Amino acid sequence: MTKLAAKTTRKASRTKIVCLSHKEDADGISAAALIRQAFGGQSVLVDYPSQMEALEEIANDESLKRLFICDLGLSKKNQDRFVDILAGLRKKRISVTYIDHHDIAPKIRRQLEKIGVVMVHNVNECASVLVYQKFERKLPDHARFVAACAAITDYMEDRPIGSKLLQTYDRQFALISATVLTYNIVSSQKNAEYLHGLVDSLADSKYPHEIKGAFEQARTGVERLAEVMESVKKDLKKTTNFGYVETKDSGAGGAVNFALGLSGKDVGVAYKLRSSHGIYAVSVRGSKDCKVHLGRIVNALASELGGSGGGHNRACGAIIPKPKIKTFLHKLNASIK
Ligand SMILES: [Mn+2]
């Protein structure tokens with residue numbers, strides 16, 4: 001191929017629409033499904049440890065035309081790199097839309113706006129509700145249901161838009177659907193094909209009860225969670241300000257609400273070793289009485305210890321280098337009074 005031909009081919013082949021979204025809960029999966037419904041394209045589903053690597057890979061794709069990033073918060077560790085990569089895409093006139101509801105540094109928000117990233121950012125609603133609101137005209141009725149389910153699983157069904165969407169449906173119908181979806185997602189974290197299948201089904205306007213085997217899989221998930229509850233009861237430890245547990249069999253996200261509830265404290269922490277990465281995946285939750293912004297505290301602490309983290313005021317997560325976990329717990333205790 002001549003140089004000119006190569007250039008022409010490349011220009012002509014910028015056709016790909018990609019949505020990079022969070023794979024660990026119903027909000028991220030639903031946001032990916034709604035973007036698919038409105039724009040078509042391909043979904044890339046990631047957790048926080050693989051977020052930046054995936055973004056770099058997408059950015060290197062010569063056929064990329066439009067990128068959506070959903071339900072993926074930034075941390076002090078990755079926010080500058082995030083801006084750099086998106087600035088590179090914007091220079092190539094690739095359209096980038098960032099739809100998120102995690103705490104963001106005002107400086108980073110301004111930088112993203114300045115380089116022309118379309119920012120759909122609001123900490124008061126879940127990401128799927130933001131997608132629904134932004135692209136309502138391109139979406140069928142069923143998308144409202146998917147967004148309402150995502151709001152439930154993100155504890156945001158009491159928010160102005162989320163609650164309006166939920167009102168459309170029988171409450172119990174929405175609750176059981178959201179819950180089955182959540183159990184399916186949580187128990188399939190290592191099964192990328194299944195997660196992509198869920199995105200397909202939701203984008204196809206299917207309800208969770210129409211997805212084959214979904215209720216049975218949720219039942220198995222509930223059973224497993226009951227076991228997690230028992231092991232948290234056994235292994236729970238406390239500092240002055242929070243209850244914490246190291247999990248071996250389940251993910252940290254499954255155990256953390258039990259660590260919060262069973263400890264009687266206003267903050268719960270659960271962490272799990274990912275030995276292949278030499279890190280701990282940490283989940284942190286606060287009760288309604290928790291007055292500090294856990295996402296901001298954890299973001300600062302994690303980056304200080306060479307990890308990363310952040311999120312919401314009463315729900316957040318972190319990646320902490322293996323040798324630093326005790327320091328993390330100690331400093332977290334000092335930070336929440
Ligand atoms: Mn979310």
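The values are calculated or read from the model by the stated rules, or taken from the named source; none is laboratory data. Predicted, not measured: the structure shown is a model, and the values here were computed from it. Reconstructed Cβ throughout: ideal geometry from the backbone, glycine too, with neighbour counts over all protein chains shown.
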Counted residues in region 88-124 being farther than 24 Å from PHE39 by Cα, free of Cβ contacts under 8 Å to residues at least 12 places away in the same chain and basic (Lys, Arg) come to 3
Among the residues of region 221-279, the number that are under 20 Å from ILE320 (Cα atoms), at pLDDT 95 or above and assigned to a loop (DSSP other than H, G, I, E, B) is 4
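Would you mind finding the one in ASP204, ASP170, ASP266 that is in contact with a strand residue (DSSP E or B) (Cβ under 9 Å, 6 or more places away or on another chain) and either at negative phi or charged (D, E, K, R) (or both)? Break it down into steps so the answer makes sense when it comes.
Numbers: ASP204 fails: in contact with a strand residue (DSSP E or B) (Cβ under 9 Å, 6 or more places away or on another chain); ASP170 fails: in contact with a strand residue (DSSP E or B) (Cβ under 9 Å, 6 or more places away or on another chain).
Among ASP204, ASP170, ASP266, only ASP266 is in contact with a strand residue (DSSP E or B) (Cβ under 9 Å, 6 or more places away or on another chain) and either at negative phi or charged (D, E, K, R) (or both).
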Residues of region 193-219 being surrounded by fewer than 13 Cβ atoms within 10 Å (Cβ to Cβ) and part of a helix (DSSP H, G or I), in sequence order, are GLU193, HIS209, GLU210, GLU216, ARG219
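Among ILE152, ILE108, ILE176, ILE161, which is within 16 Å of the ligand (Cβ to nearest atom) and more than 14 Å from ASP27 (Cα to Cα)? Let's see the steps before the verdict.
On the way: ILE152 fails: more than 14 Å from ASP27 (Cα to Cα); ILE108 fails: within 16 Å of the ligand (Cβ to nearest atom); ILE176 fails: within 16 Å of the ligand (Cβ to nearest atom).
Unique residue meeting the criteria: ILE161.
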Checklist line | Residue check for LYS237: of a type in the set (Lys, Arg) and either closer than 23 Å to ALA147 by Cα or in contact with a helix residue (DSSP H, G or I) (Cβ under 8 Å, 6 or more places away or on another chain) (or both) | finding: no
Criterion first (more than 19 Å from GLN51 (Cα to Cα) and in contact with a Ser or Thr (Cβ under 6 Å, 6 or more places away or on another chain)) does ALA147 satisfy it? yes
Pairing a residue in region 47-63 that is touching a residue at least 60 places away in the same chain (Cβ under 8 Å) with any residue that is part of a helix (DSSP H, G or I) and surrounded by 12 or more Cβ atoms within 10 Å (Cβ to Cβ), where Cβ atoms lie under 9 Å and the two sit 6 or more apart in sequence or on different chains, gives none
Of all helices (runs of 4 or more DSSP H) fully inside region 52-170, the set with 1 or more residues that are under 28 Å from SER308 (Cα atoms), under 20 Å from the mean Cα position of the chain (by Cα) and of a type in the set (A, V, I, L, M) is 79-91, 106-114, 127-135, 142-153
Here the residues within region 319-337 that are out of contact with any Phe, Trp or Tyr (no Cβ under 6 Å at 6 or more places or on another chain), free of Cβ contacts under 8 Å to residues at least 60 places away in the same chain and either part of a strand (DSSP E or B) or crowded, with 21+ Cβ neighbours inside 10 Å (or both) are PRO321, PHE328
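Taking region 28-50 on its own, how many of its residues are of a type in the set (Gly, Ala, Ser) and either under 30 Å from LEU273 (Cβ atoms) or under 11 Å from the mean Cα position of the chain (by Cα) (or both)? First the steps, then the outcome.
Pass one, region 28-50, residues of a type in the set (Gly, Ala, Ser): 28, 30-33, 38, 40-41, 43, 50.
Those still in the list that are either under 30 Å from LEU273 (Cβ atoms) or under 11 Å from the mean Cα position of the chain (by Cα) (or both) too: 28, 30-32, 43, 50.
Number satisfying all stated conditions: 6.
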Out of (1) over 24 Å from GLU62 (Cα atoms); (2) within 16 Å of the ligand (Cβ to nearest atom), the one ILE99 does not meet is (1)
The lone condition ALA174 fails out of (1) part of a helix (DSSP H, G or I); (2) buried (at least 22 other Cβ atoms within 10 Å of the Cβ) is (2)
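Here is a yes/no grid of residues against (1) out of contact with any strand residue (DSSP E or B) (no Cβ under 8 Å at 6 or more places or on another chain); (2) away from the ligand (no atom under 16 Å from the Cβ); (3) at pLDDT below 95:
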| position | (1), (2), (3) |
| --- | --- |
| ASP61 | no, yes, no |
| LEU67 | no, yes, no |
| ASP71 | no, no, no |
| ASP80 | yes, yes, no |
| VAL83 | yes, yes, no |
| LEU86 | no, yes, no |
| SER95 | no, yes, no |
